[in-house]
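Engineer: Okay, handing you the structure first.
The values are calculated or read from the model by the stated rules, or taken from the named source; none is laboratory data. Everything quoted here is computed from the prediction, not taken from an experiment. Glycine gets a Cβ as well: all are built from the backbone with ideal geometry, and neighbour counts include every protein chain shown.
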Amino acid sequence: MLPEKARCTGCGACAAACPQNCIAMTADAEGFRYPQIDADRCISCGMCEAVCPADHAPAVSQETSVLAAQNRDEAVRGQSSSGGVFTALARQVLSEDGLVCAAVYDEAHRVTHVVTGRPEELGRMRGAKYAQSAAEPCFPELRDALKKGRSVLFVGTPCQTAGLDRFLGRKYESLLLVDMICHGVPSPLVWEKYLAERRRTDAAGAAVRDIDLRNKETGWSRYAYSVKIGYEDGSQYRMHQAQDPFLRGFVQNLYLRPSCAQCGFKGIGRCSDLTLGDGWGIWDIAPEFDDDKGTSLVLIHTEAGRRAWDAVAPGFRTYPLTAEQAAAQNPSALRSSPAHPERERFFASLEAGAPVTETIRQCLDPPEKRGLLQRIRGKLGF
Ligand SMILES: Cc1cc2nc3c(=O)[nH]c(=O)nc-3n(C[C@H](O)[C@H](O)[C@H](O)COP(=O)(O)OP(=O)(O)OC[C@H]3O[C@@H](n4cnc5c(N)ncnc54)[C@H](O)[C@@H]3O)c2cc1C
């Protein structure tokens with residue numbers, strides 16, 4: 001038996017491992033992908049259950065060292081969500097004729113993982129994309145490359161790295177597994193609908209040219225960054241993250257995957273070699289180090305992680321941290337994200353055809369809160 005819906009992370013390890021190729025990852029009404037088994041072709045081999053990380057969580061590291069890091073290459077740091085560690089690791093692996101597997105927007109701006117050996121692809125891999133990515137179609141290609149002894153860097157959410165770990169079923173010397181501190185993954189359907197509404201509102205339907213959900217022109221800290229979307233007609237949408245409806249719904253857990261409410265992959269110890277995150281709180285811990293241009297948290301779990309970090313470390317300014325310091329201002333490192341109380345109402349309205357932006361507003365700002373906000377604004381005169 002595969003796990004019930006509330007625990008399935010959608011990592012897709014079951015679908016990738018099926019020797020009959022009879023498991024399809026199919027989106028439900030909320031837009032999250034779940035395994036669908038074709039019972040006529042299933043031979044009950046049990047492979048899908050054996051690789052499921054929700055039921056068989058991989059072993060996690062016992063010792064982790066932590067530091068804050070800023071890439072000295074300011075152009076790379078400026079384009080990265082945090083301190084630009086991903087790009088440095090990826091360049092290193094590519095310089096060894098290896099492969100990098102990470103998340104990109106496809107031509108329809110859906111989030112998906114791809115595998116590349118080409119440095120030109122790193123630009124589209126950079127940056128956090130706030131919709132659940134489909135990673136498992138890449139798993140067989142990664143296994144084939146690893147069997148041939150090729151270096152591979154995989155970057156994904158903690159449940160995706162656990163899924164790949166279970167799918168591979170053994171450790172490979174040449175694999176660098178990197179996960180992230182993860183708040184949770186938003187619905188791909190909500191992202192798709194939101195972007196479609198943005199296009200109509202901002203650019204009369206013009207095609208999207210580029211998307212940056214962690215734009216640093218207004219600063220990097222969680223209080224400062226912006227959302228920026230550029231369109232082919234030259235127009236642009238730019239909004240502070242606290243005002244952008246999609247980001248607001250994301251951070252308030254309105255449309256995260258159900259399994260994110262009881263994530264089994266939190267903690268300082270991980271099954272990955274390295275964990276990346278935002279160095280939130282560095283402004284209090286070491287104000288002299290923080291320049292509001294992006295600081296990464298780097299959690300080093302294994303020998304392979306240590307070697308990978310040492311290889312890129314000369315390209316970084318660093319500051320030593322303890323795990324307690326790292327987790328204190330980054331609760332997503334340790335705690336799951338409980339669903340917003342209006343989550344069910346939100347998806348019911350969406351299914352009934354309500355516009356997504358207005359539905360987000362209605363669920364996050366119920367009338368009584370709107371009245372209060374208006375009164376406060378009135379008193380303050382804005
Ligand atoms: C959904 C999501 C939630 C996150 N929540 C937190 C959080 O609560 N706290 C925190 O400290 N950090 C969080 N992060 C991680 C953080 O935003 C940065 O991605 C991370 O610190 C790496 O930054 P960087 O500057 O080294 O690299 P960047 O250049 O920013 O690279 C980001 C890496 O993440 C991969 N990636 C991007 N989007 C996705 C996706 N949807 N699914 C899988 N992989 C993806 C990219 O392919 C790339 O490898 C989250 C990231 C995502 C995608």
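Engineer: Go through Glu120, Glu192, Glu197, Glu217 for me and flag whichever is outside any helix (DSSP H, G or I), at pLDDT 95 or above and more than 10 Å from the ligand (Cβ to nearest atom). Spell out the reasoning first.
Structural biologist: Values: Glu120 fails: outside any helix (DSSP H, G or I); Glu192 fails: outside any helix (DSSP H, G or I); Glu197 fails: outside any helix (DSSP H, G or I).
So the residue among Glu120, Glu192, Glu197, Glu217 that is outside any helix (DSSP H, G or I), at pLDDT 95 or above and more than 10 Å from the ligand (Cβ to nearest atom) is Glu217.
Engineer: Additional query: Of the residues that sit in region 352-377 and are at pLDDT 95 or above and outside any helix (DSSP H, G or I), which one is farthest from Gln243 (Cα to Cα)? First the steps, then the outcome.
Structural biologist: Let us first name the residues in region 352-377 that are at pLDDT 95 or above, namely 352-364.
Those left that are additionally outside any helix (DSSP H, G or I): 352-355.
Values: Ala352: 25, Gly353: 24, Ala354: 20, Pro355: 18 Å.
If we take residues in region 352-377 being at pLDDT 95 or above and outside any helix (DSSP H, G or I), then Ala352 is farthest from Gln243 (Cα to Cα).
Engineer: Here's another thing I want to ask about it. If you check every pair at least six apart or on different chains, which have Cβ atoms under 8 Å apart with a residue in region 205-225 that is more than 17 Å from Val76 (Cβ to Cβ) first and a residue that is assigned to a strand (DSSP E or B) and among the aromatic types (Phe, Trp, Tyr) second?
Structural biologist: Going by the 8 Å Cβ cut-off, the qualifying pairs are Ala206/Tyr231; Ala207/Tyr231; Val208/Tyr231; Arg209/Tyr231; Ile211/Tyr105.
Engineer: Of Cys42, Cys11, which residue is in a loop (DSSP other than H, G, I, E, B) and over 28 Å from Thr302 (Cα atoms)?
Structural biologist: Values: Cys11 fails: over 28 Å from Thr302 (Cα atoms).
One residue alone meets the criteria, Cys42.
Engineer: Among Ala128, Ala203, Ala196, Ala108, which is surrounded by fewer than 18 Cβ atoms within 10 Å (Cβ to Cβ), of a type in the set (Gly, Ala, Ser) and assigned by TED's automatic domain parsing to the domain that holds Gln243?
Structural biologist: Working: Ala128 fails: assigned by TED's automatic domain parsing to the domain that holds Gln243; Ala203 fails: surrounded by fewer than 18 Cβ atoms within 10 Å (Cβ to Cβ); Ala108 fails: assigned by TED's automatic domain parsing to the domain that holds Gln243.
None of the others qualify; the one that does is Ala196.
Engineer: Hey, among the residues in region 123-141 that are in contact with a helix residue (DSSP H, G or I) (Cβ under 9 Å, 6 or more places away or on another chain) and assigned to a helix (DSSP H, G or I), which one's farthest from the ligand (Cβ to nearest atom)?
Structural biologist: So in region 123-141, the residues in contact with a helix residue (DSSP H, G or I) (Cβ under 9 Å, 6 or more places away or on another chain) come out as 123, 125-127, 129-140.
Now narrow it down to the ones that are assigned to a helix (DSSP H, G or I): 123, 125, 136-140.
Working: Gly123: 9, Met125: 4, Glu136: 12, Pro137: 14, Cys138: 12, Phe139: 14, Pro140: 18 Å.
By that ranking, first place goes to Pro140.
Engineer: Okay, next question. Is it the case that region 99-107 has a residue that's under 23 Å from Gln241 (Cα atoms), more than 8 Å from the ligand (Cβ to nearest atom) and in contact (Cβ under 8 Å) with a residue 12 or more places away in the chain?
Structural biologist: Residues of region 99-107 under 23 Å from Gln241 (Cα atoms): 103-105.
Filter again for more than 8 Å from the ligand (Cβ to nearest atom), leaving 105.
From what's left, in contact (Cβ under 8 Å) with a residue 12 or more places away in the chain: 105.
The answer is yes; a qualifying residue exists.
Engineer: Related question: Check region 81-100 and report whether any residue there is over 15 Å from the mean Cα position of the chain (by Cα), hydroxyl-bearing (Ser, Thr, Tyr) and either in the same structural domain as Arg199 (by TED's automatic domain parsing) or under 17 Å from Leu168 (Cβ atoms) (or both).
Structural biologist: Checking region 81-100: not a single residue is over 15 Å from the mean Cα position of the chain (by Cα), hydroxyl-bearing (Ser, Thr, Tyr) and either in the same structural domain as Arg199 (by TED's automatic domain parsing) or under 17 Å from Leu168 (Cβ atoms) (or both).
Engineer: Here's something else I'd like to know. Scan region 76-84 and tell me whether some residue there is within 12 Å of the ligand (Cβ to nearest atom), assigned to a helix (DSSP H, G or I), surrounded by fewer than 16 Cβ atoms within 10 Å (Cβ to Cβ) and of a type outside the set (Val, Ile, Thr).
Structural biologist: Of region 76-84, the ones within 12 Å of the ligand (Cβ to nearest atom) are 76-84.
Now restrict to residues that are assigned to a helix (DSSP H, G or I): 76-79.
Now drop any that are not surrounded by fewer than 16 Cβ atoms within 10 Å (Cβ to Cβ), which leaves 78.
Checking which are of a type outside the set (Val, Ile, Thr) leaves us with 78.
Yes, region 76-84 has at least one match.
Engineer: Let me ask another. Counting just the residues of region 45-66 that are of a type in the set (A, V, I, L, M, F, W, C), farther than 30 Å from Trp191 by Cα and in a loop (DSSP other than H, G, I, E, B), which one comes out modelled with the lowest pLDDT?
Structural biologist: Initial filter on region 45-66 (of a type in the set (A, V, I, L, M, F, W, C)): 45, 47-48, 50-52, 54, 57, 59-60, 66.
Now restrict to residues that are farther than 30 Å from Trp191 by Cα: 45, 47, 50, 59-60, 66.
Subset that is in a loop (DSSP other than H, G, I, E, B): 45, 59-60.
Working: Cys45: 97, Ala59: 92, Val60: 95.
Checking each candidate, the answer is Ala59.
Engineer: Please verify whether region 307-328 includes one or more residues that are within 12 Å of the ligand (Cβ to nearest atom), assigned to a loop (DSSP other than H, G, I, E, B) and touching a residue at least 12 places away in the same chain (Cβ under 8 Å).
Structural biologist: The answer is no; no qualifying residue exists.
Engineer: Continuing with this model, one more query. Looking at region 329-346, can you tell me whether even one residue there is at pLDDT below 95 and not in a loop (DSSP other than H, G, I, E, B)?
Structural biologist: yes
Engineer: Scan region 229-270 for residues that are assigned to a helix (DSSP H, G or I) and aromatic (Phe, Trp, Tyr) and jot them down.
Structural biologist: Within region 229-270, the subset assigned to a helix (DSSP H, G or I) is 245-251, 258-262.
Hits for region 229-270 are Phe246, Phe250.
Engineer: Would you please name the residue that is nearest to Val114 (Cα to Cα), looking only at residues in region 143-165 that are crowded, with 24+ Cβ neighbours inside 10 Å and among the small types (Gly, Ala, Ser)?
Structural biologist: If we take residues in region 143-165 being crowded, with 24+ Cβ neighbours inside 10 Å and among the small types (Gly, Ala, Ser), then Gly156 is nearest to Val114 (Cα to Cα).
Engineer: With the structure loaded, tell me whether Val155 is within 18 Å of the chain's Cα centre (by Cα) and modelled with pLDDT of 95 or more or whether it fails that test. Don't jump to the end; show me each part of the working.
Structural biologist: Working: within 18 Å of the chain's Cα centre (by Cα): yes; modelled with pLDDT of 95 or more: yes.
Against the criterion (within 18 Å of the chain's Cα centre (by Cα) and modelled with pLDDT of 95 or more), Val155 qualifies.
Residues are listed down the side, and each one gets a yes or a no for (1) aliphatic (A, V, I, L, M); (2) out of contact with any strand residue (DSSP E or B) (no Cβ under 7 Å at 6 or more places or on another chain); (3) crowded, with 23+ Cβ neighbours inside 10 Å; (4) not assigned by TED's automatic domain parsing to the domain that holds Glu96:
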{"site": "Ile282", "(1), (2), (3), (4)": "yes, no, yes, no"}
{"site": "Asp290", "(1), (2), (3), (4)": "no, yes, no, no"}
{"site": "Val298", "(1), (2), (3), (4)": "yes, no, yes, no"}
{"site": "Ala304", "(1), (2), (3), (4)": "yes, no, no, no"}
{"site": "Arg307", "(1), (2), (3), (4)": "no, yes, no, no"}
{"site": "Pro314", "(1), (2), (3), (4)": "no, yes, no, no"}
{"site": "Pro320", "(1), (2), (3), (4)": "no, no, no, no"}
{"site": "Glu324", "(1), (2), (3), (4)": "no, yes, no, no"}
{"site": "Gln329", "(1), (2), (3), (4)": "no, yes, no, no"}
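Engineer: Among residues belonging to region 1-50 that are of a type in the set (Ser, Thr, Tyr) and surrounded by 14 or more Cβ atoms within 10 Å (Cβ to Cβ), point out the one that is nearest to Lys193 (Cα to Cα). Please lay out each step first, then the result.
Structural biologist: Within region 1-50, the subset of a type in the set (Ser, Thr, Tyr) is 9, 26, 34, 44.
Still in the list and also surrounded by 14 or more Cβ atoms within 10 Å (Cβ to Cβ): 9, 34.
Details: Thr9: 22, Tyr34: 20 Å.
So the residue we want is Tyr34.
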